[in-house]
Amino acid sequence: MAWTAPRTYVAGEVITAAIGNAQWRDNERYLKGLDGDVTIEDDIELAANMVKFTDVAIDREDATGVAVRNTADDAYRSIMADDSEVHGSVLFQTDAEAIAAPNADDDYTEIQARRNATGLVAVARLEGAAQPRLQHILPLNLEASAELTIAAGVITAGVASGAAWYTVDTQADDAADDLDTINGGQIGDRIVLTPEDAARVVTVKHSTGNIELADGVDFAMSDAQDSIELMWNGTFWHQPGRTQVDISTKEEWINPLTFVTNATWGKVSNETAIVQLDATSEVVYGRLLVKADFNTLTSFEAVFNVNANGTVDWTQNTDFGGSGEDFDTHQDTATADTQAVVAKKNLFLDVSDSLTGVAAGDVVNMAFNIDNFDTTVVVYFMGWRFKYT
């Protein structure tokens, strides 16, 4: 039976069985729920009372919410739903509560976040059963803090500081400083340190304070890409891992090619093989394959000596390109006039300007020639020195 709107009676009206059944019997059955669902068209105010089912009840918890409890009101019960929308925080009020994944192979509980123009996307999955794990789907992002500045060898990091990744600077922006001790750790904290400015070297000290490094050696962070990860075990920050960019300088020696223009192969005394340049039309050539570990050019030098004091004007030209490029994709020149030279003294002449933009994998063809020089000077050319990091 459906609900019948309450009737307004008038004096002297005769109440028939049909009227009475509709107004009293049928509406009472409706309110009892005997004939289907009951629709409430306004609020129900329960004050401090419960809504009770056979074995669970919905009760007022406090001024901020309600609770689902057993009818004895001495234990909490669960809420089950396909979707739940929370306009606030989810708080666990007792110890060892859990967010649990389904207990079946390959089933998972997914943590999602909303992405602009896309909607909800998976951030991580909690998988159960045979291989329980937390799987990151999007990259794990560490919250960065503001710069931490060393003070008397100490910084404060860890959970207490509200971040996990820190840039560390020297005290008073000194050129270098030592990091001996990190305060603020709680057991299990993992942090990552990087230099605030590579020009100011921060050295993480092994076993000076409360830091123990894996190889027992201090770690100097002198490059912007250097970093170190540390974990607090309750006594020390120990090192599960770190990265350091190899910034050591490497060098290669390039001998002149046997092909020369007008120049003469020869030797100075019995030990030094050279290309002799004693006229402005003479050219010496070289070739270099830039190695895969090349990062930055440190210097590029032409090396020669002369037979007498004087000056020379010189030029070096280069063509270079990488795999799949034209051999002369890049063309460059270094030149100078009235270069002072001293008899028998090796001169390492900076010709770096002839390699602007050189990159790993480039094949460099180079030509060095004397444009003008004192008539008494003979150049004994030995080769090139290429230095890089």
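Each reported figure results from applying straightforward, stated rules to the coordinates on display, with no laboratory input. Everything numeric here is computed off the predicted structure, so don't read it as measured data. Here the Cβ positions follow ideal geometry from the backbone for every residue, glycine too, while neighbour counts run over all protein chains shown.
What number in nm² do you get for the chain if you take the convex hull of its Cα atoms and divide its surface by four?
Mean projected area for the chain: 40.2 nm², to one decimal.
Please give the Cα centre distance for region 39-97 versus region 206-238, rounded to the nearest Å.
With region 39-97 and region 206-238 each reduced to a Cα centre, they are spaced 50 Å.
Over the chain, what is the relative contact order in percent, taking alpha-carbon pairs closer than 8 angstrom and at least six residues apart?
Values: 809 pairs, mean separation 38.1, N = 389.
After rounding, I find 10 percent.
Around residue 77, which amide H atoms from residues at least 5 apart in sequence, or from another chain, sit under 5 Å from its own amide H, with H modelled in the peptide plane?
68, 69, 70
Specify the residue with the greatest mean-square fluctuation among 25, 77, 190, computed from a Gaussian network of the chain linking alpha-carbon atoms under 10 Å apart.
Result for the chain, Cα springs under 10 Å: 25 fluctuates most.
Using Cβ contacts closer than 10 Å as the measure, can you line up 197, 177 from fewest to most?
In order of increasing Cβ crowding within 10 Å: 197, 177.
How much length, in nm to one decimal, is gained on full extension between residue 289 and residue 60, taken as 0.36 nm per residue of separation minus their Cα-Cα distance?
Between residue 289 and residue 60, full extension yields an extra 74.5 nm.
Using the number of other C-beta atoms within 10 angstrom as an exposure proxy, rank 235, 4 with the fewest first.
With the fewest neighbours first, 235, 4 line up as 235, 4.
Please give the contour-minus-distance gain from residue 99 to residue 133: 0.36 nm per residue of separation, less the Cα-Cα distance, rounded to one decimal in nm.
Contour length minus the Cα-Cα distance gives 11.0 nm.
With an 8 Å cut-off on Cα pairs and a minimum separation of 6 or more residues, tell me the relative contact order of region 148-243 in percent.
On the way: 241 pairs, mean separation 24.3, N = 96.
For region 148-243, the relative contact order is 25 percent.
What is the sum of charges around residue 369, taking Lys and Arg as +1, Asp and Glu as -1, for the other residues whose C-beta is under 13 Å from the C-beta of residue 369? Please list the in-between numbers first.
Numbers: positive: none; negative: 278, 282, 313, 371.
Net local charge, residue 369 excluded: -4.
Given R₀ = 35 Å, what would the calculated FRET efficiency be for residue 175 paired with residue 109, taking r from the Cβ atoms and rounding to 0.05?
Step by step, r from the Cβ atoms, then E = 0.10.
Each label point is 7 Å from the Cα along the Cα-to-Cβ direction; what then is the distance between the points at residue 327 and residue 84, in nm?
7.3 nm
If I build a Gaussian network model for the chain, linking alpha-carbon pairs within less than 10 angstrom, which residue out of 232, 165, 253 has the largest mean-square fluctuation?
Highest fluctuation of the listed residues: 253.
In region 197-230, which residues have a backbone nitrogen under 19 Å from the label point lying 7 Å from residue 147's Cα in the Cα-to-Cβ direction?
Within reach of a label on residue 147, which here means backbone N under 19 Å from a point 7 Å along Cα→Cβ, region 197-230 contributes 197-204, 221-228.
At a Förster distance of 22 Å, what's the computed FRET efficiency of residue 224 paired with residue 252, Cβ-Cβ distance as r, to 0.05?
On the way: r = 26 Å, r/R0 = 1.17.
About 0.30, to the nearest 0.05.
At 7 Å along the Cα-to-beta-carbon direction for both residue 346 and residue 231, put a label point, then send me their distance in nm to one decimal.
About 5.0 nm, to one decimal.
Hey, rough spin-label estimate for residue 91 and residue 372, points 7 angstrom out along Cα→Cβ, what's it come to in nanometres?
For residue 91 paired with residue 372, the spin-label model returns 8.8 nm.
Quick one: of 250/291; 250/344; 250/345, which pairs are farther than 22 Å apart, Cα to Cα?
250/344; 250/345
What is the order of 80, 1, fewest Cβ neighbours within 10 Å to most?
80, 1
Net charge within 15 Å of residue 386 by Cβ-Cβ distance, Lys/Arg positive one each and Asp/Glu negative one each, not counting residue 386 itself?
-3
What is the extension gain from residue 338 to residue 51, computed as 0.36 nm multiplied by their sequence separation minus the C-alpha to C-alpha distance, in nm to one decimal? Mind showing how you got there, number by number?
Values: separation 287, 0.36 × 287 = 103.32 nm, distance 10.18 nm.
Additional length available on full extension: 93.1 nm.
Looking only at 282, 97, 127, which one moves most when the chain is put into a Gaussian network model with springs between Cα atoms under 10 Å?
Answer for the Gaussian network model of the chain: 97.
Using helices alone, what [θ] at 222 nm do you get for the chain, with -39,500 (n - 2.57) per DSSP H run of 4 or more residues, divided over all residues and rounded to the nearest 500? Could the numbers behind the result be given before it?
Numbers: 2 runs with 10 residues, N = 389.
Value at 222 nm, helices only: -500 deg cm²/dmol.
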